[in-house]
Amino acid sequence: MEAEDNIQKMYKYFGILADAKENIAEKEPEYLEILSAVKGSTKEKRLASQFITRFFKHFPNLAAQALEAQLDLCEDEDICIRKQAIKDLPVLCKESKEYLTKIADILAQLLQADDPQELLTAQNSLLSLFKIDAKGALTGIFSQMQSNEEIVRERSMKFILNKVMALGKEIIKKDVEDLIIGECKKVMQNITCEEFETLMTILSSTHLINTPDGQKELVELLASTAELDQFFNPKDVDQVNRFITCLDFAIPFFSVHVESTQFIVYICELLNRYTLINDVDKQFIILKSLAESVPFCGKLMNPETVVGQVYQAILDLVTVPENDASKKVEDMDLHRVEALLYTFHKLGRQCPEFLSRDPERQKEFKKKLLYVGTCTQTFVKIVRQDLKEKGEEDVKNNPVIEKKLEGLRLACNINTLIKELFNIPPRFKATITLSWLSSATKSKLAQIVQEGKKHEPIVVDGKSKRIDGSNNSQQLYQPPKDKFSAKFSNNTNSNTNTTYTNRRGGSGAGWNNKRSFDSSNGNRRGWRPY
């Protein structure tokens, strides 16, 4: 009976306030009675939520108390009351916009709701704020991205990505996008890998993505986040993960208008210690990313130094066995060889006399190249013979055969680069597509196999020679069956294999020791301009 009387009183107070019109400010006692109803029965609470927000604008002196009462309802044990209170929150801002940012901040915190319907209610309430003041709503949401509550940070970012960026240009105008860009830059000072990817996806939805200047801005942001001004410590897992992730996001933006120079210089400087990285897959990711970035390198300030760093990395990678080649060639990672030779070939155009000006340097380099060429030519010969013995039906849709064809493409690329560099002076004219990026059709590769087109032998001074300098026939290495093609398998446990669809391996280390950094989510480039 008492509950029913209280309900009647609620309607009475409502009537008094509704009829007061210009004298409503004098009715504070009635409004205070409504505020006290948040401690009442379920029906009282639901009515209180509606009445508090309805008359909120008329009692500025009670604003803090009214807001606190509404928040009590948002935290009620009854989910129905919580949903009602969350739904009514935006009404507070319709004519009292000074509270909109605060309400957005509160609603962002409420995104941590476990119940799907409650979460949806919070999302819809937040979206309604954007129709009132988009910039104010964003300011409130971004304030929660500085929170230590992981779920609040994550859901706030995902909300902007999935909901806000889909609102269209009528609401997300350029000045609103500029605010998003600025706030994303602030948040990037302390983020996890997944958060970084979400923020980059948000930024890719803005006008930055549409122009070279905007893409340059994104690359500069990535360079800053990668901390290219810091010494690269290969034992710092956190720093390695940060650099690889930032570089991976930067690569698709590189073009004739957006240079990769600062990343190229940084990577080349660390080539003398990249093998100290504990994860061998990440070692190759760095070389692979270097090769993908180098076509867009601008003019180098010290080209001889940079080219020399790549040159030394090639010498360190390729070890020529003194006696039995079969004991050493299996340790050679041809993927790394391709990446470094391709990089040297591209950068060599800025310092074409690097090899020719030093006879000893040129001699040592050719010795290494001749050994690599011997191995790749032998591999090509064996694979072709193996494929010829198989019928046409055996070749079609055969994963093993496809891997061998990929191996042929890799070997052919290396041989092409070696021929260019064996010239005196070296040539830097050939254009190749890196083996992991090639879109060559299987039919074209099959044609190469069937034709059995012979590769010209790699020669020194116009004569075919052995590595030891004698003129006897070359003693070619006969690799064990599938020795090289095994490198193209998807066995991620192999130390010599990199699964190309996953550029970033996870570690759990934190950027700047602030937040957990987990880069195990794979290569996410769906947002890229191409």
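Residue by residue, region 162-174 carries 3J(HN,Hα) couplings of 8, 10, 5, 5, 9, 6, x, 5, 5, 9, 8, 7, 4 Hz when phi is fed to the Karplus relation 6.51 cos²θ - 1.76 cosθ + 1.60 (θ = phi - 60°); x denotes Gly or Pro.
Distance distribution P(r), region 101-215, all Cα-Cα pairs, bin width 5 angstrom from 0: 2, 12, 24, 26, 20, 11, 3, 1, 0 percent. Our coupling estimate for region 142-153, obtained by passing each phi through the Karplus curve with A = 6.51, B = -1.76, C = 1.60 and θ = phi - 60°, is 5, 4, 7, 6, 8, 6, 8, 7, 4, 5, 5, 4 Hz, Gly and Pro reported as x.
Suppose the chain between GLU26 and LYS158 were pulled fully straight at 0.36 nm per residue; how much longer would it get relative to their current alpha carbon spacing?
Values: separation 132, 0.36 × 132 = 47.52 nm, distance 4.47 nm.
My answer for the length gained is 43.0 nm.
For the pair THR433 and ASP72, a Förster radius of 60 Å applied to the C-beta separation gives a FRET efficiency near 0.40, rounded to the nearest 0.05.
Taking a point 7 Å out from the Cα of ILE79 in the direction of its Cβ, the residues of region 100-134 whose backbone N falls within less than 16 Å of it are 111-123. Working value for region 92-160: equivalent-ellipsoid semi-axes of 19, 14, 9 Å, each the square root of 5 times a Cα gyration tensor eigenvalue, largest first. Extension gain, THR275-GLN189: 0.36 nm per intervening residue step, less the Cα-Cα distance, totals 28.1 nm.
Extending 7 Å from Cα along the Cβ direction at THR305 and again at ASP236 yields two label points whose distance is 2.0 nm. With the gyration tensor restricted to C-alpha atoms of region 251-389, the semi-axes of the equivalent ellipsoid amount to 27, 19, 15 Å, longest first.
Here the calculated FRET efficiency for ASN124 and LYS57, from their Cβ-Cβ distance with R0 = 35 Å, stands at 0.95, rounded to the nearest 0.05.
Geometric descriptor of region 71-121, per residue, is 65 Å³ (volume of the convex hull of the Cα atoms). Of LYS27/LYS94; LYS27/LYS97; LYS404/LYS429; LYS158/LYS235, which ones are farther than 30 Å apart at the Cα? Among LYS27/LYS94; LYS27/LYS97; LYS404/LYS429; LYS158/LYS235, the Cα-Cα distance tops 30 Å for LYS158/LYS235. Name the residue farthest towards the positive end of the dipole of region 146-234 from the options ALA166, VAL219, ASN148, assuming +1 on Cβ of Lys and Arg, -1 on Cβ of Asp and Glu, about the Cα centre. The residue sitting farthest along the positive end of the dipole is ALA166. Site pair ASP133 and SER41 shows an inter-label distance of 3.9 nm when each label is modelled 7 Å from Cα along Cα→Cβ.
We did not get these values from a lab; they are worked out from the coordinates using the rules stated. Since this is a predicted model, take the numbers as computed values, not measurements. All Cβ positions, glycine included, derive from the backbone under ideal geometry; neighbour counts span all protein chains shown.
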